[in-house]
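Notes for the one structure printed next.
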Amino acid sequence: MANRDASLAERCLEQARTLGAGIEPYLGPLAAAALEQVGQLLDKKAFAEAEAALSDIEAKYAKTPWFRTNKEVLEAARRAAATGKREAEADRLYAEAAKLFNQKELFDLKPIVEKLKAEYAGTAAATDAGRKPSLAEMEQAVANLGKRLTVRLDGKGDFTSIQAAIDAAPPESLIEIQDNGPYNEPLTINKNGLTLRGKRGFWPIVTSAGPRGHFSILVGVGGARITLERLV
């Protein structure tokens with residue numbers, strides 16, 4: 001304890017206890033040293049580690065007079081750790097959202113904006129209007145998006161046909177094809193603002209080579225603002 005090595009002191013005292021020594025008079029200083037380490041973790045913004053250390057203090061020293069005397073201090077430290085952890089998680093989500101906003105990946109941005117609003121209201125990431133972009137700006141950017149629909153031949157998506165997804169999608173929607181296909185079907189896109197794209201890592205093939213063939217038009221686009229990405 002004199003050398004301020006709380007973990008070594010704890011190990012030595014535990015060894016002394018197994019040898020029959022009464023260590024109760026030393027538990028208060030030992031707990032105080034552990035709480036000091038919690039303060040250091042909070043200063044370093046190591047909030048998860050601080051929460052774990054506080055739980056460890058409670059498990060080891062809950063029955064001591066020191067714990068009862070310092071209960072309010074421990075609760076304040078626990079609140080600080082929880083708040084800091086929440087703020088850090090919100091900042092991480094905000095950084096991801098800002099990156100997607102700048103890349104104009106609005107459909108990927110939308111669920112993150114919704115999560116920030118629903119689960120991290122009150123954090124700096126959600127309330128700081130001085131951030132560029134602010135959460136309000138990102139929310140406005142995704143406000144008029146339609147649905148996000150998935151297509152997979154194995155039936156694990158929303159549709160097994162790209163055209164069926166197009167027919168079901170409202171304007172300004174994303175249709176993401178999550179395999180390489182091939183999709184043996186003609187496509188007619190007459191709605192505005194649709195995005196058809198292969199999922200990252202895939203290049204879906206739309207083809208007339210198959211049981212159905214001889215299409216007069218394989219892919220016909222009649223709508224405005226149509227985007228096709230990662231499609232063959």
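The values are calculated or read from the model by the stated rules, or taken from the named source; none is laboratory data. Please read all numbers here as calculations on a predicted model, not as lab measurements. Cβ sites come from the backbone with ideal geometry, for glycine too, and all protein chains shown count toward neighbours. Only protein heavy atoms, including side chains, enter the accessible area calculation; ligands, DNA and RNA are left aside. Shrake-Rupley method; radii C 1.70, N 1.55, O 1.52, S 1.80 Å.
Report the extension gain between ALA95 and ARG11 in nm, rounded to one decimal, defined as 0.36 nm multiplied by the number of residues separating them, less their alpha carbon distance.
Taking ALA95 through ARG11 to full extension adds about 26.1 nm, to one decimal.
Treating only the Cβ atoms of Lys and Arg (+1) and Asp and Glu (-1) as charged, compute the dipole magnitude of the stretch 58-203 about its Cα centre; round to the nearest 20 debye.
640 debye
Report in % the part of the accessible area of the chain that belongs to carbon and sulfur, leaving out ligands and nucleic acids; probe 1.4 Å. Don't skip to the answer; put the middle values down first.
On the way: 7180 of 13580 Å².
After summing per-atom areas, the C and S share lands at 53 percent.
When ligands, DNA and RNA are left out and all protein chains stay put, how many square angstrom of accessible area per residue does the stretch 10-68 have with a 1.4 Å probe?
That works out to 64 Å² for each residue.
Taking the mean number of other Cβ atoms within 10 Å as a proxy for protection, how do you rank 82-88, 92-98 from highest to lowest?
In descending order of packing, they fall as 92-98, 82-88.
Nearest 500 deg cm²/dmol is fine: what mean residue ellipticity at 222 nm does the chain get from its DSSP H runs of n ≥ 4 alone, each adding -39,500 (n - 2.57), divided by its residue count?
Helices in the chain give a 222 nm mean residue ellipticity of -16000 deg cm²/dmol.
For the stretch 157-232, what does the accessible surface come to per residue with a 1.4 Å probe? Please give it in Å².
Solvent-accessible surface per residue comes out at 51 Å².
Would you please state the base-10 log of I(q)/I(0) at q = 0.27, 0.28, 0.30 1/Å for the stretch 1-59, with intensities from the Debye formula using one equal scatterer on every alpha carbon?
Result of the Debye calculation: -1.12, -1.16, -1.23.
Take the Cα atoms of the stretch 1-119, find their three principal axes, and give me the spread along each one in whole Å, biggest first.
Result for the stretch 1-119: principal-axis Cα extents of 67, 25, 21 Å.
Obtain the radius of gyration and the Kirkwood radius of the stretch 115-232 from its C-alpha atoms and give Rg over Rh.
Taking Rh as the inverse mean 1/r over Cα pairs, Rg/Rh reads 1.11.
Send over the semi-axes of the stretch 52-155's equivalent ellipsoid, whole angstrom and largest first, taken as the square roots of 5 times the C-alpha gyration tensor eigenvalues.
Sorted largest first and rounded, they come to 40, 18, 9 Å.
Which of the listed residues, ALA125, ALA52, VAL73, is farthest toward the dipole's positive end in the stretch 32-134, when Lys, Arg count +1 and Asp, Glu count -1 at the beta-carbon?
Value computed over the given set: ALA125.
The chain: D in µm²/s via Stokes-Einstein (Kirkwood Rh, Cα pairs, 4 °C, 1.567 mPa s)?
57 µm²/s
Given that compact globular proteins tend to follow 2.2 N^0.38 Å, what is the ratio of the alpha-carbon Rg of the stretch 168-232 to that value?
On the way: Rg = 11.9 Å, N = 65, 2.2 N^0.38 = 10.7 Å.
The value comes to 1.10.
Multiplying the sequence separation of ALA224 and ALA143 by 0.36 nm and subtracting their Cα-Cα distance, what value in nm do you get?
Numbers: separation 81, 0.36 × 81 = 29.16 nm, distance 1.91 nm.
Contour length minus Cα-Cα distance gives 27.2 nm.
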